[in-house]
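Let me begin by handing over the structure; questions about it come next.
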Amino acid sequence: MAFGGTLWMLILYTTIFIHFLLLVWGVSYTLARTHVPRRMSRPAPLILLNLLVGYGFVLAGILEKLGICHRFALLRAACMFIPVMRDPKLIIKDLDFDGVPGRVYWPKTSPAGKRRGIIFFHGGCGLFGSIRTTERICRAIAHQTDSVVMCPEFCLGPEYPFPTAVQDCCTAAIHFLKNAEEYGVDPSRIAIAGESSGGTFTAAICQELVTREDLPRVRAQVLIYPFLQGIDFNLPSYQQNHSISPLFRKRAVVLGLKYLTGKTMNVDGVLKGAHVPPDLREKYQKWINADNIPEEFKARGYVPVEPAPFSEELYEQVKRAGETMFAPLLAEDDIIHQLPEAFILTCEYDVLRDDGLLYKKRLEDNGVPVTWYHVQDGFHGIMSIAGYGRILEYPSTQKCLQSVIQFLKGL
């Protein structure tokens, strides 16, 4: 017994020591490598968020190397600790949407007629995240817009690589559209919304549905700092914000390719543009080009970069990055001009900022109405921390959420 107790104490102290070393390393790494913009009115939440995210990724990587679990399993497990609280103003049910599980939020107040419907996709690069991570946002939208909100729990990579997640979302969305009245929803007032990769899925699914004459037309699309193209990772926002947490330039590409291929890749060639054939690069130049970015967004520094020589081998590994279900910005104009009214939220200190700006231009060039909200001191993921209190919430977090809510109220 004495030996067993000593062994357990040794394991406990070793575990604590390892976590302490990781914490020290995380603080040192953050202070040395992570850039905190001077214009940020309150940098503490961003620094804390960076520490938490960095710590999680490092610990997850260690567990993966030890063969205990793959790194995203730990990040998903962490989501289970997000508390789910009862809400006396909402009816909340977990339901099935043609084989895809999901959660629906109904306001308890009596409606004057059929309510608007909101389909909301959570972020997480198609690798982590869950209904729980977006629970507070969905509740706020349901409350403040008096809408029925549905959020699907789609399959995640790397176990289910692209396009499983977006196909699950599409399946759930189609089911909701077909059966809108069963949920108390007006079929003509359904918007699709998503944050980060959820915004990617939103754009892709709206493109998929424009040719479906058997379904109600989607009323609007809401894209919250979405990823929309995998061609050019040297646009101004990628250069300016490459070391701003939580979505570093390299991390964005590593996670995106993990979702796309199910594999961990060396992304250096992709960062340099060696994965794009010359003929496709020439084709996409009219849509993905720094010349299409307003000059004010280049003020913090931008240097045009020539792509590296084309690599056929690299292209074969990642060629599905050219599919519109992964990169909606690559859709043809005959699809783009049919899309519903859009709301696009971009953040100044986000590597994905220019994806949103380029899509905004494409939509407007094709006659699609766009409401644009730009957060001058915002960073990637700023809205996902809504409802977590002053320690984590950034001053602009609620402004982001309210901009989305005000747009939805007008539908």
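The values are calculated or read from the model by the stated rules, or taken from the named source; none is laboratory data. What you see is a predicted model, and the numbers here were worked out from it, not measured in a lab. Backbone-built Cβ (ideal geometry, glycine too); neighbour counts: all protein chains shown.
Can you name the residue in the range 174-205 that is free of Cβ contacts under 8 Å to residues at least 60 places away in the same chain and crowded, with 19+ Cβ neighbours inside 10 Å and, of all such residues, is nearest to the chain's Cα centre (by Cα)?
Among them, the one singled out is Ile205.
With respect to Gly113, is the statement that it is touching a Phe, Trp or Tyr at 6+ places or on another chain (Cβ under 8 Å) and either touching a residue at least 24 places away in the same chain (Cβ under 8 Å) or of a type in the set (A, V, I, L, M, F, W, C) (or both) true?
Details: touching a Phe, Trp or Tyr at 6+ places or on another chain (Cβ under 8 Å): no; either touching a residue at least 24 places away in the same chain (Cβ under 8 Å) or of a type in the set (A, V, I, L, M, F, W, C) (or both): yes.
Considered against the rule, which asks whether it is touching a Phe, Trp or Tyr at 6+ places or on another chain (Cβ under 8 Å) and either touching a residue at least 24 places away in the same chain (Cβ under 8 Å) or of a type in the set (A, V, I, L, M, F, W, C) (or both), Gly113 comes out as no.
Exactly one condition in (1) more than 24 Å from Cys170 (Cα to Cα); (2) of a type in the set (A, V, I, L, M, F, W, C); (3) out of contact with any Phe, Trp or Tyr (no Cβ under 9 Å at 6 or more places or on another chain) is false for Cys347; which is it?
(3)
Restricting attention to the range 218-266, and to residues there that are among the basic types (Lys, Arg) and touching a Leu at 6+ places or on another chain (Cβ under 8 Å), which single residue is farthest from Leu363 (Cα to Cα)?
Kept after step one, since they are among the basic types (Lys, Arg), are these residues of the range 218-266: 219, 249-251, 258, 263.
From the residues that got through so far, the ones that are touching a Leu at 6+ places or on another chain (Cβ under 8 Å) too are 219, 249-250, 258, 263.
On the way: Arg219: 15, Arg249: 25, Lys250: 28, Lys258: 29, Lys263: 33 Å.
Among those residues, the one meeting the criterion is Lys263.
Being crowded, with 20+ Cβ neighbours inside 10 Å, touching a Ser or Thr at 6+ places or on another chain (Cβ under 8 Å) and touching a residue at least 12 places away in the same chain (Cβ under 8 Å) narrows it down to one residue among Arg219, Arg249; which is it?
Numbers: Arg219 fails: crowded, with 20+ Cβ neighbours inside 10 Å.
Selected residue: Arg249, the only one of Arg219, Arg249 that is crowded, with 20+ Cβ neighbours inside 10 Å, touching a Ser or Thr at 6+ places or on another chain (Cβ under 8 Å) and touching a residue at least 12 places away in the same chain (Cβ under 8 Å).
Name the single residue, out of those in the range 74-101 being part of a loop (DSSP other than H, G, I, E, B) and either modelled with pLDDT of 95 or more or of a type in the set (Ser, Thr, Tyr) (or both), that is surrounded by the fewest Cβ atoms within 10 Å (Cβ to Cβ).
For the range 74-101, the residue satisfying everything is Gly99.
Would you please name the residue that is surrounded by the most Cβ atoms within 10 Å (Cβ to Cβ), looking only at residues in the range 137-161 that are more than 16 Å from the chain's Cα centre (by Cα) and of a type in the set (D, E, K, R)?
Residue satisfying both the conditions and the ranking: Arg139.
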